[in-house]
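Notes follow once the structure below has been shown.
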Amino acid sequence: MYLLITSALSIVIPFIKIDSFNTLLDSNSIIVLPEIVLGSLNNQSNTNYSDDTVVSLMTVANGYVLITLIIFGVFVIKLIKILKLIHQNPKTIQDNLTIVHLKETNTAFSFFNFIFLGDTLSSTERQSIFEHEKIHAKQKHTFDLLWFEILKIVLWFNPLVYLYQIRISNIHEFLADQNAVKFNKSEYYQQLLQQVFNVKTYAFINPFFNQSLIKKRIIMLQKSKTKQTHLVKYLLLIPMVLGMLVYSSCSNESEVTKDPLINIQTETLDVNNSKQIGLDLSFSTIDQAPLLEACKTLVDKDQQKKCFSEEVSKHVLNNFNTKLADNLDLKKGITKVFVSFKISKTGDVIDVISRALHPDLEVEANRVINGLPKMTPGMHEGKAVDVVYALPIAFKIK
């Protein structure tokens, strides 16, 4: 149950968004606007970079699809072979299960309600193996194996899928042994200790003979059942799931400007000991964000936020002295200026603070941000409030 539940949760949780979790977090936060790239990065080079990025992403996507199709094709081929065995061999019914009699082989395995037994097995062997495989069929173990086979097709790059598949297969054998050994204990041990037969190795069947697992199965048969009180450790799964739900519910991908000079990555930073009401793109507690003149005609709040970001970016791009960075003897590559500022209750830009490798860059960043026009202040519960922003500015110096 643990393996099945956790594997399913890993797929489902990222799609679950619980808005109430947002109220558990501190509302004092700072909006980090999209990064602006300035300096010697011209439009032509930026366009080429975007094209290269698109080509790289397409190559990765095509590679993923190709490998997925190959793995799916192998799965289909194995499934067809199983269906052919069912169709081409004689069958009998026993205990509401269909026994498929395989000709000239000593293979033994199960698939749903079909139990495959080679006709060269002795009657004693057939009975012991049937009792074992009957447990697989009754407990629907094939569904478990098919679930992990599907996960392997889609998430073939994740090593945990293969570990889970091996674990669930081992547990199936332990469960079947636990019940089947009651039929004839001494004979059952002889079956496990005798020469291992040739077995078809399909990931979604339950083979009786598995050489690498025989020793573990014998050891497991000697162990006593774990006390139920020891299973309390699985309760640790609950806080883990809650933590993942909070993480997925509070993460957000916001829309940003399509300007090629704007980096689309947006994140949120906490501000400690802040007494101001912060605005966050994911879990805002503010009723109305600050508005620049160009954004006042917009009604939708998401569009207003996007407009605000675009207008600030345009202002910086048009007013920042880009030649300044080239004259400061800075190292080649990317250098950044981090600016924080506040839109006050009166709509003015105040408390501008910049951090950069050179003080002249800080002075220039302060000048540009202080030059933002007066705007309509943010509102919360009918009152004007202060809203804190941060803006990363990057220079690409040749």
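The values are calculated or read from the model by the stated rules, or taken from the named source; none is laboratory data. Computed from a predicted structure; not experimentally measured. Positions of Cβ are generated from backbone atoms using ideal geometry, with glycine treated the same way; all protein chains shown enter the neighbour counts. Keep in mind that these areas ignore ligands, DNA and RNA; they rest on the heavy atoms of the full protein, side chains included. Shrake-Rupley method; radii C 1.70, N 1.55, O 1.52, S 1.80 Å.
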(request) Scan region 294-345 for residues that are in contact with a helix residue (DSSP H, G or I) (Cβ under 7 Å, 6 or more places away or on another chain) and without any contact (Cβ under 8 Å) to a residue 24 or more places away in the chain and jot them down. (result) Ala294, Cys295, Leu298, Gln304, Cys307, Phe308, Glu311
(request) Could you pull out the residue among Leu328, Leu324, Leu357 that is within 40 Å of the chain's Cα centre (by Cα) and either among the aliphatic types (A, V, I, L, M) or open to solvent by less than 80 Å² (accessible area, probe 1.4 Å) (or both)? (result) Leu357
(request) Would you be able to tell me the number of residues in region 376-398 that are touching a Pro at 6+ places or on another chain (Cβ under 9 Å) and open to solvent by less than 10 Å² (accessible area, probe 1.4 Å)? (result) 4
(request) Test Val154 against the stated conditions and say whether it is open to solvent by less than 30 Å² (accessible area, probe 1.4 Å) and under 17 Å from Thr68 (Cα atoms). (result) no
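Let's see how each residue does on (1) touching a helix residue (DSSP H, G or I) at 6+ places or on another chain (Cβ under 8 Å); (2) polar (S, T, N, Q); (3) modelled with pLDDT under 95; (4) buried (at least 17 other Cβ atoms within 10 Å of the Cβ):
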position: Leu79; (1), (2), (3), (4): no, no, yes, no
position: Lys84; (1), (2), (3), (4): no, no, yes, no
position: Leu97; (1), (2), (3), (4): yes, no, yes, yes
position: Glu104; (1), (2), (3), (4): no, no, yes, no
position: Phe112; (1), (2), (3), (4): yes, no, yes, yes
position: Ser122; (1), (2), (3), (4): no, yes, yes, no
position: Glu125; (1), (2), (3), (4): yes, no, yes, yes
position: Ile129; (1), (2), (3), (4): yes, no, yes, yes
position: His141; (1), (2), (3), (4): yes, no, yes, yes
(request) List the number of the failed condition for Asn198; all other conditions in (1) more than 38 Å from the chain's Cα centre (by Cα); (2) modelled with pLDDT of 90 or more hold. (result) (2)
